[in-house]
Each structure stands twice: as structure tokens, then as C-alpha cells.
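Where a number appears in this text, it was derived from the coordinates with a stated rule and is not lab data. Model, not experiment: these values are computed from the prediction. Positions of Cβ are backbone-derived with ideal geometry, glycine not excepted, and every protein chain shown enters the neighbour counts.
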Amino acid sequence: MGGRVKGDVIKRGTEFEIAFKMVNSLFKDTIKTTRWFRTPNEKLGGLTPKELINDGQFLNLKTFINANLI
């Protein structure tokens, strides 16, 4: 695996962890939180939160979480 690809994978994992902890602090249920990350959301353009992170849109997701969930 190339250095850049490996770095991107680590970055996305870290972003997912941060977002997961933010949402789970509200839901206080890892199953509900996991479902939330896998469910398409109209307010996110029909994408899942997980897809946003994978597409490099973590900051947009973080802003959404802060504005709408916390």
C-alpha cells in the first residue's frame, strides 16, 4: 500500500472515530449510532454519514452534527 493511500486510510479512520464519538455521546447507544452512520439522510444529500467521510467531507459532516444533533 502506498504511503499516500495508507495516510488517507488512517485519516478517514480517525475522522470516523471522532464523528462516531460525537454522535454516540448524544445517542448513548452504539447500535443506534452505527445505524445512523449507515442510513442515507436526506439532509446530507441522500448520502450516509459514512459515505461523506469516505468522500473526504468530514468537516461538512462535523458541521452538520454540531448544528443538528448536539
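One table, with the values for the structure above:
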{"read-out": "Principal-axis tilt of helix 3-27 within the chain, Cα atoms, nearest 10 degrees", "value": "10 degrees"}
{"read-out": "Inter-label distance for Asn24 and Glu42, nm, one decimal - labels placed 7 Å from Cα along Cα-to-Cβ", "value": "3.0 nm"}
{"read-out": "Cβ charges +1 (Lys, Arg) and -1 (Asp, Glu), total dipole of the chain, debye", "value": "140 debye"}
{"read-out": "Descending semi-axes in Å of the chain, equivalent ellipsoid built from Cα gyration tensor", "value": "21, 13, 11"}
{"read-out": "Value of [θ]222 nm, deg cm²/dmol, for the chain, DSSP H segments ≥ 4, -39500 (n - 2.57) each, nearest 500", "value": "-23000 deg cm²/dmol"}
